[in-house]
Amino acid sequence: MAPVAPGAVVAEKYRIDRMIGFGGMGVVCEGVHLELGAKVAVKFVRPEYAHDERVVARFLSEARAAAQLRSEHTCRVMDCGRLATGSPYLVMEYLDGADLRRILAAQGCMPVEDAVSFALQACAALAEAHARGIVHRDVKPENLFLMHGPDGGALIKVLDFGISKQLGAIQGTRGLTDSSDSMGSPHHMSPEQMIDPSAVDARTDIWSLGVLLYELLTGHLPFKGDSVPQVCANVMTAAPPSPCEINPEIPEGLAAVVLRCLDKNPDARFPDVAALSRSLKDFGGSAASATAARVSRILERTRSAQPPPPAAIGSESGFNSVDSPAHRALANALGVDDAPLSIAGLRRRPWGVVVGVLVVLVSVVAAGILWRKMRVSNAEPGPADSSSLSAALPSDLRESPTARQSGAPKLAPPLPIPPTLAHAPKLAPASASARPAAVVRDDGVSAKPAAKKIVMAAPKPNAGSMRPKPVDTEASDPFPASTSVYPELKPPDLPTPGE
């Protein structure tokens, strides 16, 4: 059931007329663009899956993947959006025809030329997708739509990139390419796709094209089973019978091409759709050669138009290549040839890492030299001659000749005492015997006598001794209010170190 009733208008420009098809997760309706008057196909997510994040992510993945493709054999996506409920929809070109599954169900197997022609047109659509790093992963008769082209000839359109995988892209939703999730139809899935759907490349579509050809030529599936586990087991282990055994009209060369596509080892299959097309061109009639040549051109031109990926560490370009100019220049600078570099292990190491280490070492050395220069330029003057320092010290602090000649360790001279602190009076620590005894009152309670007030005497300005004279503790205030405890004294003139 479509989430939008017939007659409703989507996005104020697409009127929905009727439902024309539905799948496991989507519903396709026929619509009309109100401004242009052109028919469109509007695809919705089924209401029961509208809030499933993985289904919505796959739905939008189809829009992004198909929007990159411009092949005439790919169903174009023209618009997308969301309904008021938040459910997404796609607006695609309207196709008038039928998918190959319906045709197989109606007439059985197809003539050899028609089957090969349809497979070659599918290769043309997949060539652009593979060159852009997109793997379809669900090539099957249901997703190949047969319609009349502008010239009246049969035209194949590849549908449903909903579970396509964009190589090198990071999926935004966890589980979108989960290895535990069945991605695609089991009968058309490659062995590696069954093991891990997220770790496949374009050769999994080569396998699916082989299953497609097998079914179009014979009317039977190469791997059968009464249950999904049995089908998967046959795909993983069983060898399919040759198509010639089922349909004797199939040339043996064509049967060999189909069986090579179904090799369980991906390396043994055709490396790309261009190689497969060249092997099929002799069995597809007069137009097959031109289609095969066009597949090769599409693959080459689309690949060359793509921006080059960033050079990985150890790649054969720039500093990473042992045969690059940068490698030879560095070898000449080090005074070695290519063989010693290889023996030393530099050839085996990524050149990006080696250059990075050299840059770091040079930076550290340069920083150390700069720091040393700044330290020397900002350093204070060095210590003066020992004789000049000794002459500057007071006589009682100078080192005696006897001490100098003896082996006693030398002590650093004490710092000079500021004049104001040198003349400050010192208080002798109170001894236990000098403390006044407690007085016992008539009521038996002991009480401490009141402490006498201690007043410091003012030092004389030119006192020669550093020890203060005794002060009169009985006086209450020996200094007038205008007298300072520390009169203004000028520091003595000390010789400058180094003089």
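Going highest first, how would you order 253-262, 51-60 by mean Cβ packing within 10 Å? The partial results should precede the final answer.
Working: 253-262: 19.7, 51-60: 17.1.
Packing order, densest peptide first, comes out as 253-262, 51-60.
Which ³J(HN,Hα) values, rounded to whole Hz and listed in residue order, are derived for the range 280-293 from phi using the Karplus coefficients 6.51, -1.76 and 1.60 in 6.51 cos²θ - 1.76 cosθ + 1.60 with θ = phi - 60°, glycine and proline given as x?
These are the phi-based 3J(HN,Hα) values: 8, 5, 7, 10, x, x, 5, 8, 5, 5, 5, 5, 4, 5 Hz.
Under a Cβ-only charge scheme (Lys and Arg +1, Asp and Glu -1), can you give me the dipole magnitude of the range 9-93 about the Cα centre, in debye to the nearest 20? Before the final figure, lay out each step's value.
On the way: 12 positive and 11 negative charges, 19 e Å.
Dipole of the range 9-93, to the nearest 20 debye: 80 debye.
Determine, from the Cβ-Cβ distance of residue 78 and residue 237 and an R0 of 41 Å, the FRET efficiency 1/(1 + (r/R0)^6), rounded to the nearest 0.05. Write down the numbers at each step before the final one.
On the way: r = 44 Å, r/R0 = 1.08.
Given R0 = 41 Å and the Cβ-Cβ separation, E is 0.40.
Apply 1/(1 + (r/R0)^6) to the Cβ-Cβ distance of residue 267 and residue 370, taking R0 = 51 Å, and write down the FRET efficiency to the nearest 0.05. Write down the numbers at each step before the final one.
Details: r = 56 Å, r/R0 = 1.10.
Plugging the Cβ-Cβ distance into 1/(1 + (r/R0)^6) gives 0.35.
Distance cut-off 23 Å, Cα to Cα: go down the list 224/281; 39/157; 140/281 and report the pairs above it. Please list the in-between numbers first.
Values: 224/281 29 Å; 39/157 17 Å; 140/281 21 Å.
Over 23 Å apart, Cα to Cα: 224/281.
Read the figures in this text as sums done on the coordinates, not as results from a lab. Not measured: the values here are computed from a predicted model. Positions of Cβ are backbone-derived with ideal geometry, glycine not excepted, and every protein chain shown enters the neighbour counts.
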